Every structure is written in structure tokens, then in C-alpha cells.
Amino acid sequence: MELNLGTSIRRLRTERGMTQEELAAFAGVSFQAVSKWECGTTTPDIALLPKLAVFFGVRIDDLFGITDEDELERVDYLLGHERITEENFDYSKNVLDRALEHSPDDVRILKTYARLYFAKNQRDRLEAGRMLRQAMKNAPEDDEIWLLYHQFCGKELDDFIRTCEPYLPMVPVTSRLYELLIAAMIERRYSDRAESLIAAYEPHCSTAMPSVFRGDLALAGGDTGKALAIWDSVDTGDHKAQYELGERFVKINENVRAVTAFERSFAAADIPRDLSAMYSLAFLHERLGNHPEAKAAWQTILDVLASDWNTTDGETVDWAKRERDKF
């Protein structure tokens, strides 16, 4: 790739009818410096390039006489060798947008565009993780941090356990971190570690979630009957535990139990009532083909939005109406 910076500056200056002295005054250099640029003896300080580009009304790359193909090669190199920053993402996107204007069906450009977004998403994900790990150190008592990091890890439960377990001595036993770690350990079949955490958590827990988790342990061990027996003994007036049971029953196709659990959860909710169980109930009835029950559930959602949350318009209400009116 041949860089013709001096030639480009001379061409742009003469096209605009400017003298070397006028350009020098704008750039804050001597006219001799401009002359050396144009002769190729020296080049402008890199800090001057944005200023010169703005002055001439061109892109910085236009100063170097870089072709579209050169720019595509630079994007390819960037994706293979450099960390994606906001600046080089924006640069690459602009290059690809221009290229697609001329060749909208070019497979190479389309693939490069996809690679760019994959790289950006990975960069954003890693940055989110870094920020959350710093937040853990600064405020381990903040439950939202653990929820966000659990969401960040997704299926990478070992990463979640490895990163978060050391913080247990720093958080209250009532912290949501205990529940998240217990669930992750059960999912990964670390049964003994999960049972130890349940035992530590249980004396401080205000809900029946320890029993829910013990049912999870039984199910993970292959004993569905034991799991159902444990879950059937859970306090029927425990809003949170009954909702969690409903979700578990759905996963194992215990649909009658699921309906009952969701109904119990909603009935036990404090005002303003949490509608999570009613949403789950509406979707479950629809999946089971119980259309009158699904319609009634959506109507209940609309009624509670109005009575408990003073919400009578907006997308949430419109969506519930659309769902109700399907039946």
C-alpha cells in the first residue's frame, strides 16, 4: 500500500486555491514545513492529521490516498490482530457500509461485517465481566451484582462458581449469592457442596427455598419420586417458593402440579402483587390448549396492572390485551 500523504496535501491545497503559507497558518507550522510535507521530505505530526482532514473536508485515509480495497484489507487485519475498540469498530463499520453501498451482494464484505459484530459482542461481553468483577470487590453486599454476573456467565456455571464462591464470607447469609451458587452447584452435580450451602443458608432464610433446593438435589440424583415428595410438602402460602416450584414442575411435565403452584404463588403475593406466576400460568394454559383459562389469566393480569400498579395503558397493557384477545 503506497502512502502519498505529501502528494494528497498538495492536491487538496491547490484544488482549494490555497497557498502553502495559508495552510501553514491554519496548521500552526511554518510554510517551509508544508513545503517539506508536499515534497515528501517529512510528514505532518500524527496529531495534525485529524485537523487537516477536517480542514480539507475529507477522511484521514483520503490524505494517504488509501483505496477502498486497502481499507478492506485494514479491516481484515484489525479483526485478526487487534482488540476491538469503539474507535476501530466505528472505523470498520464505516468502511464496510461504504463497500456495501457499491457491492451489496459481495460475500467477502458480508462475512467481514458478521466477523466485526461477533468481535464487538465478545469485546462488550468481556468488558461487562470485567466491570462486574470490579463491582464485586467494591460492594459484595449488593445482590444485583451477583444476579448480573450470573446472567453474564450463562451456561458457564463453573466460571460463576469459581469467581463468586470466594465472596461468601464477605456477604450476609441471606444474600442472593447463596441461592445462585446452590442452584449452580446442583446443576453441575456438586451435590455435597450444594448441601453444605443449603445447610448454612436454611437457618437464615425466610422462605421455603431450602426445601425447593433439596428437591432439586433429589431430582439431579435421579429420584423424581423423592423430589416430588419434598416439593409437595413445601408451604403452600410461600409466594416465592411456590412460583419456583411451578417452573420446576413445568420442566418435568408435571403440569397439574405446575398450575396449582402458580395459582398458590399468585394468591400468596403481597400487594402490589407480583405477576410472574400469572404470566407463567397464562402461557402454560395456552400451551396445554386450555384457552378459556389462558384468557382468564390474561384478564387477571390486566386487572392487577390497573388495581395494584395503576397501569392502564402502554405496551405492557397492549400486549396483555393482544394475548387475551387471541382466544
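The values are calculated or read from the model by the stated rules, or taken from the named source; none is laboratory data. Values in this document were obtained by computation on a predicted structure and should not be read as measured data. Note that we place each Cβ from the backbone using ideal geometry, even for glycine, and neighbour counts take in every protein chain shown. What goes into the accessible areas is simple: the full protein's heavy atoms, side chains included, and nothing from ligands, DNA or RNA. Shrake-Rupley method; radii C 1.70, N 1.55, O 1.52, S 1.80 Å.
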Among (1) at pLDDT 95 or above; (2) in contact with a Gly (Cβ under 6 Å, 6 or more places away or on another chain), which single condition is F152 missing?
(1)
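Among E165, E101, which is the only one that is assigned to a helix (DSSP H, G or I), within 30 Å of S211 (Cβ to Cβ) and free of Cβ contacts under 8 Å to residues at least 24 places away in the same chain?
From the options E165, E101, the qualifying one is E165.
Quick one: which of V75, V29, V34, V58 is surrounded by fewer than 18 Cβ atoms within 10 Å (Cβ to Cβ), modelled with pLDDT of 85 or more and either hydrophobic (A, V, I, L, M, F, W, C) or outside any helix (DSSP H, G or I) (or both)?
V29
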Can you find, within the range 276-317, the residue that is surrounded by the fewest Cβ atoms within 10 Å (Cβ to Cβ) among those that are modelled with pLDDT of 95 or more and acidic (D, E)?
D303
Does L219 satisfy the criteria of being touching a helix residue (DSSP H, G or I) at 6+ places or on another chain (Cβ under 8 Å), open to solvent by 40 Å² or more (accessible area, probe 1.4 Å) and of a type outside the set (S, T, N, Q)?
yes
Given the residues A194, A258, A227, which is the only one that is of a type outside the set (K, R), buried (at least 20 other Cβ atoms within 10 Å of the Cβ) and under 23 Å from V304 (Cβ atoms)?
A258
Would you be able to say whether some residue in the range 197-205 is of a type in the set (A, V, I, L, M), in contact with a Pro (Cβ under 8 Å, 6 or more places away or on another chain) and crowded, with 20+ Cβ neighbours inside 10 Å?
yes
Of the residues in the range 78-91, those that are surrounded by 12 or more Cβ atoms within 10 Å (Cβ to Cβ) and over 23 Å from R108 (Cβ atoms) come to T85
Per-region count, the range 136-162, residues open to solvent by less than 30 Å² (accessible area, probe 1.4 Å) and either touching a Phe, Trp or Tyr at 6+ places or on another chain (Cβ under 9 Å) or assigned to a helix (DSSP H, G or I) (or both):
9
In the range 67-104, anything within 24 Å of the chain's Cα centre (by Cα) and β-branched (V, I, T) is listed as I84, T85
Of all residues in the range 100-139 being in contact with a Leu (Cβ under 9 Å, 6 or more places away or on another chain) and of a type in the set (V, I, T), the one that is nearest to P169 (Cα to Cα)
T112
The range 256-327: helices (runs of 4 or more DSSP H) wholly inside it with 3 or more residues that are closer than 13 Å to E244 by Cα, of a type outside the set (D, E) and within 30 Å of the chain's Cα centre (by Cα) are 276-288
Residues in the range 171-189: is at least one of a type in the set (D, E, K, R), open to solvent by 30 Å² or more (accessible area, probe 1.4 Å) and either over 27 Å from R125 (Cα atoms) or outside any helix (DSSP H, G or I) (or both)?
yes
On the basis of being under 26 Å from L96 (Cα atoms), assigned to a helix (DSSP H, G or I), in contact with an Asp or Glu (Cβ under 7 Å, 6 or more places away or on another chain) and at pLDDT below 85, does D70 make the cut?
no
For residues that are among the hydrophobic types (A, V, I, L, M, F, W, C) and not in a loop (DSSP other than H, G, I, E, B), scanning just the range 246-255, find the one that is least open to solvent (accessible area, probe 1.4 Å).
F249
